[in-house]
There are 2 protein chains.
Amino acid sequence: MKRTILLLLLFTCGFLSAQDQDSILVRRLFDEALTSNVAYENLRWLCKNTKGRIAGTPEAASAVEFTRQVMLDMDLDSVYLQELKVKRWVRGKIESARIISSTLGSEDLSITGLGLSVGTSDIGIAGNVIEVQNFEELEQLGEERIKGKIVFFNRPMDPTLLNTFKAYSGAVNQRGRGAIEAAKYGALAAIIRSVTTAIDDHPHTGVMGYEEGIPKIPAVCVSTMGADLLSTWLEKDPDLDLHLISNCSNHPDVTSHNVIGEIRGSTYPDEIITVGGHLDAWDNSEGAHDDGAGCIQSIETLRLYKELGIRPKRTVRAVMFMDEEIAQRGGKKYAELAKINGEKHYVALESDRGGLLPRGFGIGASGERLEKMLALEKYFAPYGITEFRGGGGGVDIGPLREFGTVLISLVPDMQRYFDYHHSPNDTFKQVNIRELQLGSASIASLIYLIDKNDL
Amino acid sequence: MKRTILLLLLFTCGFLSAQDQDSILVRRLFDEALTSNVAYENLRWLCKNTKGRIAGTPEAASAVEFTRQVMLDMDLDSVYLQELKVKRWVRGKIESARIISSTLGSEDLSITGLGLSVGTSDIGIAGNVIEVQNFEELEQLGEERIKGKIVFFNRPMDPTLLNTFKAYSGAVNQRGRGAIEAAKYGALAAIIRSVTTAIDDHPHTGVMGYEEGIPKIPAVCVSTMGADLLSTWLEKDPDLDLHLISNCSNHPDVTSHNVIGEIRGSTYPDEIITVGGHLDAWDNSEGAHDDGAGCIQSIETLRLYKELGIRPKRTVRAVMFMDEEIAQRGGKKYAELAKINGEKHYVALESDRGGLLPRGFGIGASGERLEKMLALEKYFAPYGITEFRGGGGGVDIGPLREFGTVLISLVPDMQRYFDYHHSPNDTFKQVNIRELQLGSASIASLIYLIDKNDL
């Protein structure tokens, strides 16, 4: 209390430099975030009541309405929706895989269909399995060895990489293009090792693709434990069969929405700062880290400004993007409307790496502007946030790049993220309240400093 | 693979500076730690099979034998036990607390006895409750207001402190001395808000004390949710009663052990480097973060050296200290025997802040030696470990200070630690394999660099 009075006195007497004042404001943002459970409870509601909110589902519609109402109750300058069309892919009622070996017996594997995959029939597909690590190996094997078989892509994420997103990039092409590459050589189906650092028995799903002119074959992912088991069995019995059912299906587009709330700028109201996450989440999860957290942190940024009476110079928008996981239609629609409406987008920040401990920011600026933004690190060091790097962005804000907008990513610690990613393990209880709060405070502080100092 | 061959060539040709070679060795330690599940599986065994291993229990004896056997199987130079006497405190079969209010009704609270507390009788204690925040408030109220009542200490940890250990220190005197201070004014018992940042319904226990000449009254802790509820009810009905049962008991000392494994030094075998954690854990938990992780990381340090063929210049000892939680007898015994045996203790490192993401080290050296050790940070920056600070130690290695030994603490991220601390939430599943591995690799690397470069 005494400290607060002293600071107020110092403020009033104008003793403090602009930099000191900025430090004090950042401290107030962190204090407010760290003593409030509003964001955490909003995330709880979202996770527990709109679980499985893949774009186009009733759950996604509920998430749209929930976040809209949360922002309507916040006395913002405006809250509105942007309508868009999304693909509608529906997981089948039956997803199963069983190894059948004449020498070893039989064993069930935990699998799940990949987003946008075609389904098998209800009685499924059965065939020999051929294990490969990459597309080059597939090419060497050729049609003769692959035709009529189920291709098993089993390259793990490299555990020695500290940057787990880099390790993810090094493995995820199996999921994205595995079915295409396998189908080129006449495969019946593709089964892909879950792209995660964890050894667990949940399949970690994700979207896959097809290519014009190449047959569409079903693609599923198998848990990492299941992949290890299948690989071990294949060593002992290369002739084993896999019986696979995944009767998912694709349907015509349906309507969905981005949700937007904004505080209008005091000085440059037509310059926009976007702070966002994506509202859709995989249907097998609560979507807590991916990306309920990013949405709730974006809303929390506006709540912190309202609570502390901060009126930014520029218009700050919290945006819940729809459909990041399947076809990224929300981000595209947002940029398309920005163009039509002639909006000026100053800066955009995305939080889509989990509600985990914040470590820094990736900043997609260059030259002097980048230098100035990197120098903001000094305000964050007291909070253990010391990794400011060049290069930033995000799937949803990516389309704003064409306007010359500076794109920024919140970078939380990466070691745990892929334990949760796209799996039933991505639940509310895996989010730590303090880590979530620190993330919100970091975003609110960075945007405050950039806007206030016209960086 | 190609990279390894290139590095080997460079090694052979002597192209690399000592510093480059050290960087390469650190990389190998991290690679080995990150690709092995040995430490994780050892921790799983310890958590699942010796849960509740408070010093003096059969579970603690099992933990002693397990860690001894793990090290016996590692082909170390020696593995042995140090015998010591520990207090034997036994939790009662009944622990309950019920609020009884003539206006509000009744409600159960989640409580548990504090270590070393005397018990209530089997029918318990009932009385009015008086809530205080600190000892000063207690003094102001005085005997008139306190006599015959149950004192409720409800000061929370300060959530705005980023250093949660500092926040813990700011609240934990209620647990340690609450019963003493309350008894001075004639209180019947003390009930203490769990010392944790989490709002949960587990009581977080811990040890408490008594003072000669002041009556020993029972002391229990209540979950933070229970504390909030009790406080709210007290506002509405200051006359409510609390009925408390905690029939724990104190017994004569029993025998237990420290467990030690060592690799003898090649050059200075009589100089000792200790790497340790404590093997005992609260009886209401699996003791995963506190401190199974620290023990297993210490063993893993020796395993990494054996695996990579590193023979340190000095003798490196992994020490599982017994009885950190109750009376710190293991650490005292270790130093006592070191004195009797005329041992030279060069450096001692303790890991007792959880198997969480490592962020840095606290180094209790001074002058030029501190500067040199702090400069090692450059080897750790590639792994995101950038917080090397002066000042270090730990409860178990603390008694070595009198030998002038440099005391070092592994400092993992602190935001989650008190969610687990001394509670049923401290389970194996709360440990992330990569965070545990990174901690082991950090310890092994730091000790390697200090020893190799004679720092």
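The values are calculated or read from the model by the stated rules, or taken from the named source; none is laboratory data. Note that the coordinates shown come from a computational prediction; the quantities given were computed from them, not determined experimentally. Positions of Cβ are backbone-derived with ideal geometry, glycine not excepted, and every protein chain shown enters the neighbour counts. Note: accessible area is taken over every heavy atom of the protein model, side chains too, but ligands, DNA and RNA are not part of it. Shrake-Rupley method; radii C 1.70, N 1.55, O 1.52, S 1.80 Å.
Calculate how steeply helix A:38-49 sits against the longest principal axis of the alpha-carbon atoms of chain A, using the helix alpha-carbon long axis, and give the answer as 0 to 90 degrees to the nearest 10. In chain A, helix A:38-49 runs at an angle near 30 degrees to the longest axis. In order along the range B:103-116, phi translates into HN-Hα couplings of 9, 9, x, 10, 7, 7, 10, 7, 10, 7, x, 8, x, 6 Hz, rounded to whole numbers, per the Karplus curve 6.51 cos²θ - 1.76 cosθ + 1.60 with θ = phi - 60° and x for Gly and Pro.
Label-point spacing at A:Lys332 relative to the other copies reads 7.1 nm, in ascending order, each point sitting 7 Å out from Cα along Cα→Cβ. Once a ≥ b ≥ c are taken as the square roots of the eigenvalues of the Cα gyration tensor of chain A, is the result rounded (a/c under 1.5), prolate (a/b larger than b/c) or oblate (a/b not larger than b/c)? Prolate, since a/c reaches 1.5 and a/b exceeds b/c. Across the range B:293-301, computed HN-Hα scalar couplings (Karplus, 6.51 cos²θ - 1.76 cosθ + 1.60, θ = phi - 60°) run 4, x, 5, 5, 5, 5, 5, 4, 4 Hz from first to last residue, x flagging Gly and Pro. Taking the centroid of alpha carbons for each part, the range A:333-388 and the range B:161-220 are 44 Å apart. When the alpha carbon gyration tensor of the protein assembly as shown is reduced to an equivalent ellipsoid, its three semi-axes come out at 46, 38, 29 angstrom, largest first.
Taking trypsin sites (Lys or Arg not before Pro) as exposed when DSSP calls them loop and at most 16 other C-beta atoms lie within 10 angstrom, chain A has its longest site-free stretch at A:265-455. Chain B against chain A buries an accessible area of about 2400 Å², both chains summed, 1.4 Å probe radius.
Phi angles across the range B:302-308 convert, under the Karplus curve 6.51 cos²θ - 1.76 cosθ + 1.60 with θ = phi - 60°, into 3J(HN,Hα) values of 5, 4, 4, 5, 5, 4, 8 Hz, Gly and Pro given as x. A:Lys236 label point (Cα plus 7 Å toward Cβ) to equivalent points in the other copies: 6.2 nm, shortest first.
Between the residues B:Ala190, B:Met157, B:Ser246, the greatest Cα displacement towards the positive end of the dipole of chain B, with unit charges on the Cβ of Lys, Arg, Asp and Glu, is found for B:Met157.
Among the listed pairs A:Lys51/A:Lys429; B:Lys85/B:Lys216; B:Lys306/B:Lys452; B:Lys166/B:Lys344; B:Lys51/B:Lys87, those with a Cα-Cα distance over 21 Å are B:Lys85/B:Lys216; B:Lys166/B:Lys344.
A straight chain from B:Arg311 to B:Asp253 at 0.36 nm per residue would run longer than the Cα-Cα distance by 16.9 nm. How far is the Cα center of the range B:419-455 from the Cα center of the range B:253-312, in Å? Taking the Cα centre of each part, the range B:419-455 and the range B:253-312 sit 11 Å apart. Amide H contacts for A:Lys344 (H built 1.01 Å from N in the peptide plane; partners 5 or more residues away or on another chain; cut-off under 5 Å): A:Ile272. For the range A:92-247, the relative contact order comes to 39 percent (Cα pairs under 8 Å, sequence separation of at least 6).
Classify the range B:92-247 from the C-alpha gyration tensor, please: rounded if a/c falls under 1.5, else prolate or oblate depending on whether a/b exceeds b/c. It is rounded, given that a/c, with a ≥ b ≥ c, falls under 1.5.
Solvent exposure of chain B amounts to 38 Å² per residue of accessible area, where only protein heavy atoms count and the probe is 1.4 Å. Sorted from shortest to longest, the distances between the A:Glu107 label points of this copy and the other copies are 5.1 nm, with each point 7 Å from Cα along the line through the beta carbon. Helix B:173-184 and the long axis of chain B differ in direction by around 30°, with both axes built from C-alpha atoms.
Only protein heavy atoms count here; under a 1.4 Å probe, A:Asp75 has an accessible surface of about 110 Å².
Going by alpha carbons, how many degrees (0 to 90, nearest 10) lie between the helix axis of A:2-12 and the longest principal axis of chain A? That works out to roughly 70 degrees.
Indicate the residues belonging to the range A:380-420 that lose 40 Å² or more of solvent-accessible heavy-atom surface (probe 1.4 Å) upon moving from the chain alone to the assembly of all protein chains, ignoring ligands and nucleic acids. Listed in order, they are A:Gln415, A:Arg416. Show which aspartates and glutamates lie in cross-link reach of B:Lys236 when reach means a straight Cα distance below 15 angstrom and same-chain residues fewer than eight apart are skipped. By straight Cα distance, B:Lys236 reaches B:Glu107, B:Glu131, B:Asp228.
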